[in-house]
Amino acid sequence: MPRIYLSPPDISARDHASVDAVLSSNWVAPVGPALDAFETLVAQRAERSHAVALNSGTAALHLALQVLGIGPGDAVACPTLTFAASANPICYLGAEPVFIDSEPRTWNMDPELLRQALQERNDLKAVIVVHLYGQCAEMDAILQFCEEFGLPLIEDAAEALGARYRGRPAGSMGALSFFSFNGNKIITTSGGGMLLSNDAAAIERARYLATQAREPTRHYEHKAIGYNYRMSNVLAGLGQSQMTDLDRRIIARRAHFEAYRDALSDLPGIEFMPIAEPDAPNYWLSCMTLHPDESACSRDDLIEALEAVDIEARPLWKPLHLQPIFQKCALYGGPVAETLFDSGLCLPSGSSLSGDERARVIDTIQACIQDATT
Ligand SMILES: *Cc1c(COP(=O)(O)O)cnc(C)c1O
């Protein structure tokens, strides 16, 4: 039986045709009609007026911080329970991350701890919020506190394309927002990202920096240090056709989450990621915790039992304040993210995962917990 992966790319015949068509058009550099069309599709979905397609989500965050003028001596608030790419670009610019713990309701940045950081630190110049595993953070409170303290908010919506928060799309709420189209995300361009905003000048500046900061002259003229961060038009062709499949993918991933929860949540010690509004997440990954005092089977036993039958499962993101490289950074709270990391895992959630494969995952987990209990 083939290995079951956590979140593999899902590539259709239509994707092949779309990439073929771009290759035949000879628009293979980071400029062309597929790029324009892909930017328009994603911007419409996120209800944004401006977008620039880039070669990664990390590049998008780097440019977002740069456009906001973040530099040495500045601090930027960021959740601790996230992927390192949510914080690394702060350091590229010589600024300092200030980590904020999760709240238990959505596992995202705790607004009250953010408020405390905003009150205590006048070096904070921006806030990055992450919509973890495809569920939006408590945006009303976070937006309110950012406004109160006059700080711009960047939405790291890398995992949350297609998710909604009280009717608003993920990626529509911060001053700037970005998505990732890395191979493991809900849609992919192999690698890629997009920065979005309603501020035309901010996206114009990001587009300029992303294309080597070339001045509009006949010769090559430079007044700023630029980057080579644009997405290839070939990959935008892939993104265009992947976008047309986004809604099916959300439905498929949601079905996985619900099947896992229905089959497993009665087992001792198991709890699924709380969903604040069932219609809203994109269900990028199905995540659960296994309480160590309630089950004889530990989280690591469970991951090993799955691995033994060639099923990939992983712990939740390791909190950034526990990462060796970020140990000296400031932290507000911490125990919520630490407990989630100690007890949590992500289950296979891909949009190409079949019902039979999902049943194999469920059977393995049931057997592991029941064997440990009896
Ligand atoms: C994937 C991811 C990123 C980075 O995106 P890349 O396209 O891989 O650079 C940033 N933040 C979060 C939360 C992610 O999951």
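The values are calculated or read from the model by the stated rules, or taken from the named source; none is laboratory data. Note that the structure is predicted; figures quoted are calculated from it, not measured. So basically every Cβ, Gly included, is an ideal-geometry build from the backbone, and we count neighbours across all protein chains shown. SASA here: full protein model, heavy atoms, side chains in, ligands and nucleic acids out. Shrake-Rupley method; radii C 1.70, N 1.55, O 1.52, S 1.80 Å.
Taking the criterion of being in contact (Cβ under 8 Å) with a residue 24 or more places away in the chain and assigned to a helix (DSSP H, G or I), the residues of segment 299-321 that qualify are R299, D301, L302, I303, A305, L306, L320, H321.
Please go through segment 116-140 and give me each residue that is more than 16 Å from the ligand (Cβ to nearest atom) and either touching an Asp or Glu at 6+ places or on another chain (Cβ under 8 Å) or assigned to a strand (DSSP E or B) (or both), ordered by number. Residues satisfying the conditions are L118, D123, L124, K125, E138.
Restricting L238, L246, L290 to residues that are in contact with a Lys or Arg (Cβ under 6 Å, 6 or more places away or on another chain) and either closer than 26 Å to R360 by Cβ or buried (at least 17 other Cβ atoms within 10 Å of the Cβ) (or both) narrows the list to L290.
Examine segment 341-353 for a residue that is closer than 24 Å to E112 by Cα, touching a residue at least 40 places away in the same chain (Cβ under 8 Å) and open to solvent by 70 Å² or more (accessible area, probe 1.4 Å), and state whether such a residue exists. Yes, there is a match, as at least one residue in segment 341-353 is closer than 24 Å to E112 by Cα, touching a residue at least 40 places away in the same chain (Cβ under 8 Å) and open to solvent by 70 Å² or more (accessible area, probe 1.4 Å).
In the condition set (1) within 11 Å of the ligand (Cβ to nearest atom); (2) open to solvent by less than 10 Å² (accessible area, probe 1.4 Å); (3) of a type in the set (A, V, I, L, M, F, W, C); (4) outside any strand (DSSP E or B), C146 is compliant with all but (1).
In segment 175-197, the residue that is nearest to P8 (Cα to Cα) out of those that are near the ligand (Cβ under 10 Å from one of its atoms) and assigned to a strand (DSSP E or B) is S180.
Exactly one residue out of D279, D262, D266 is charged (D, E, K, R), outside the structural domain of Q44 (by TED's automatic domain parsing) and part of a helix (DSSP H, G or I), and it is D262.
I'd like to check something: does segment 201-223 contain any residue that is acidic (D, E) and either within 22 Å of the chain's Cα centre (by Cα) or more than 30 Å from V31 (Cα to Cα) (or both)? No, segment 201-223 contains no residue that is acidic (D, E) and either within 22 Å of the chain's Cα centre (by Cα) or more than 30 Å from V31 (Cα to Cα) (or both).
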